[in-house]
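Student: Below is the structure I would like to discuss, written out as structure tokens.
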Amino acid sequence: MTGFDPWAPTDPLGEALHLLRMNGAFYCRTDMSAPWGMTMPAMPGHLWFHVVTAGRCLLRTADGATHTMNQNELFLVPHGQGHALLSEPGIAAPSVMDLPRDLVSDRYETLRHGGGGAPTHMVCGAIRFDQPGARHLIEVLPKTLHIGAADAAPDSWLPSLLRLMASEAKHLRPGGEEVITRLSDILVIQAIRAWLESDPAARTGWLGALHDPQLGRALALIHRRPDHAWTVAELATELAMSRSAFSARFTNVVGEPVMRYVTRWRMQVALRSFEDGRTTTAELARKLGYRSEAAFARAFKRVLGVSPGAAKKRRGDDQPGVSPAG
């Protein structure tokens, strides 16, 4: 269903990172002065990020946990939950939507807020990942991800990227908003890469399978060709494994049988196609290898809990925009 990509990596884990192509809904440079606070709304389907370019602040999550963010540190809220940013505990935190913001471009704004005390400068944003494979990866990230220069690998570009972000955010030069939005996207990918390389949780389940030479290849085949009529026997043959050994190993590592995974992956591809609004149910059923629209619709509802028609109708509902600057 997708064209040949000459830049796509050949290893499964690299391919998963290659799919992290994002669509920024909102980028904002904030200049805050203590005391200050603001609440970021829940944005289902998006990832919130915050980079402290100068000063420090607190981040309070929806469950009440509080994290300290210092200069040149990056914090991700991967699943779009609402949260608050504060200069200190106990400060009122109005919604960022209610604070006056200056529109620089369609997706980039500046915000100045606070009581005139100690300054904190940040770049914040909400981004959405378009590819089903990217969404699958984001789903397994922790609720929050805190990355500082000390957390990066010795050969990582992350510290340099954070310093470059701070330099660009200090003075808004011509084209600065474009530089900052692109740096933000790169920083998010670098943070996810750092987590994949360092956290033991990234070696379990679906991600653990990507690290496995044989199971990773099976996942790559499924991801690249969701329209193919895969069978357990054919995938096992591709990996030079017996059918029973492959089936047992896949279920044990990934956490579900291989054919259930194939179906779920197809439905994620279908959901993304519906969100794009560029295909009909009949066309998608044919492209994904189903013999009838009815068979596809049954599988879609069984896996995702809604009918294709309902998914198409609400495709914009989980992509909330940020209101224009006040």
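The values are calculated or read from the model by the stated rules, or taken from the named source; none is laboratory data. On a predicted model such as this, the values are computed, not experimentally measured, just so you know. Here the Cβ positions follow ideal geometry from the backbone for every residue, glycine too, while neighbour counts run over all protein chains shown. We work out accessible area using only protein heavy atoms, side chains counted, and drop any ligands, DNA or RNA first. Shrake-Rupley method; radii C 1.70, N 1.55, O 1.52, S 1.80 Å.
Student: Once amide H atoms are built 1.01 Å from N in the peptide plane, which residues 5 or more positions from THR53, or in another chain, come under 5 Å H to H?
Tutor: Correct list: ASN72, HIS121, MET122, VAL123.
Student: If all Cα-Cα distances of segment 187-242 are sorted into 10 Å bins from 0 onward, what percent lands in each bin, rounded to whole numbers?
Tutor: Histogram of Cα-Cα distances, whole percents per bin: 22, 41, 26, 12, 0.
Student: Hey, another quick one. Counting Lys +1, Arg +1, Asp -1, Glu -1, what net charge surrounds GLN214 among other residues with beta carbon under 10 Å of its beta carbon?
Tutor: My count for the surroundings of GLN214 gives 0.
Student: Using amide H atoms built 1.01 Å from N in the peptide plane, name the residues 5+ places from ARG101, or on other chains, whose amide H lies under 5 Å from its own.
Tutor: GLY326
Student: Okay, next question. For LYS287, LYS170, LYS312, give the ranking by accessible area with the largest first, probe 1.4 Å.
Tutor: Working: LYS287 95, LYS170 150, LYS312 60 Å².
Of LYS287, LYS170, LYS312, the descending order of accessible area is LYS170, LYS287, LYS312.
Student: Hey, another quick one. At 0.36 nm per residue, minus the direct Cα-Cα distance, what do LYS313 and ARG298 gain on full extension? Give it in nm, one decimal, please.
Tutor: Values: separation 15, 0.36 × 15 = 5.40 nm, distance 1.73 nm.
So the extension gain works out to 3.7 nm.
Student: Which percent of the accessible heavy-atom area of segment 64-138 goes to carbon and sulfur, probe 1.4 angstrom? Kindly include the intermediate steps, with their values, before the conclusion.
Tutor: Details: 1430 of 2900 Å².
Carbon and sulfur: 49 percent of the exposed surface of segment 64-138.
Student: By a straight-distance test (C-alpha under 24 Å), which lysines pair with LYS313 as possible cross-link partners, with residues fewer than eight away in the same chain excluded?
Tutor: Filter leaves LYS287, LYS301.
Student: Determine ³J(HN,Hα), in whole Hz, for all residues of segment 298-312 in sequence, where each value follows from phi through the Karplus function 6.51 cos²θ - 1.76 cosθ + 1.60 and θ = phi - 60°; x replaces Gly and Pro.
Tutor: 3J(HN,Hα) across segment 298-312, in whole Hz: 5, 5, 4, 5, 4, 7, 9, x, 9, 7, x, x, 5, 5, 5.
Student: Give the calculated FRET efficiency between ASN70 and ASP276 to the nearest 0.05, with a Förster radius of 51 Å applied to their Cβ-Cβ distance. Numbers along the way, then the final one.
Tutor: Values: r = 40 Å, r/R0 = 0.78.
After rounding, the FRET efficiency stands at 0.80.
Student: Kindly give Rg over Rh for segment 180-277, based on alpha-carbon atoms, with the Kirkwood expression for the hydrodynamic radius. Before the final figure, lay out each step's value.
Tutor: Details: Rg = 15.8 Å, Rh = 15.0 Å.
Taking Rg over the Kirkwood Rh, I get 1.05.
Student: For SER95, list long-range residues whose amide hydrogen, built 1.01 Å from N in the peptide plane, is under 5 Å from its own amide hydrogen.
Tutor: THR39
Student: Let me ask something else. Ordered by residue, what ³J(HN,Hα) values in Hz, to whole numbers, does segment 214-231 give under the Karplus form 6.51 cos²θ - 1.76 cosθ + 1.60, where θ = phi - 60° and Gly and Pro are x?
Tutor: For segment 214-231, the Karplus-derived couplings read 7, 5, x, 5, 4, 4, 4, 4, 5, 5, 6, 10, x, 7, 6, 7, 5, 10 Hz, x marking Gly and Pro.
Student: Applying the Karplus parametrisation 6.51 cos²θ - 1.76 cosθ + 1.60 with θ = phi - 60° to the phi angles of segment 250-259, what ³J(HN,Hα) value in whole Hz is obtained for each residue in order, glycine and proline being reported as x?
Tutor: With coefficients 6.51, -1.76 and 1.60, one gets 4, 4, 5, 7, 7, x, 7, x, 4, 6 Hz.
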